[in-house]
Amino acid sequence: MPGLNSRKTIRASEIGAFLYCRRAWWYRLQGHPSQNQQALEQGTRFHLDHGRRVGSLHLLRLTALLLSLAALGLLVAAVLFQLVG
């Protein structure tokens, strides 16, 4: 019985390619290059750009949270300063 490390990893993109077109998936498995390289490259660029935008959104959300917490802290400090004197 082969070990876990000797098994081929099946990626989600490979499953998607199989479900979309089994023949194209088989050709790629046999080493035949796709004939729509330009579209594949455009798709790759789109996904990389989208990933960068999602990462920027997460950073922006974290910044907004930290600024909100800082503002809340300043508000609490101002109220306590007014009450204490």
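Values in this text are rule-based calculations from the coordinates and carry no lab data. Here the structure is a predicted model, which means the values were calculated and not measured. Counting neighbours? That spans all protein chains shown, and the Cβs are built from the backbone with ideal geometry, glycine included.
Of note:
- Relative to the longest principal axis of the Cα atoms of the chain, helix 37-84 runs at roughly 20 degrees.
- Given charges at Cβ of Lys, Arg, Asp, Glu: region 10-84 dipole, positive-most of Leu29, Leu72, Ala17: Leu29
- Leading residue at positive end of dipole, the chain (Cβ point charges), from Leu59, Leu40, Leu83: Leu40
- Under a model in which nothing but the beta-carbon of Lys, Arg (+1) and Asp, Glu (-1) is charged, region 1-72 shows a dipole of about 200 debye around its Cα centre.
- Computed from the Cα positions only, the extents of the chain along the three principal axes stand at 80, 41, 17 Å, in decreasing order.
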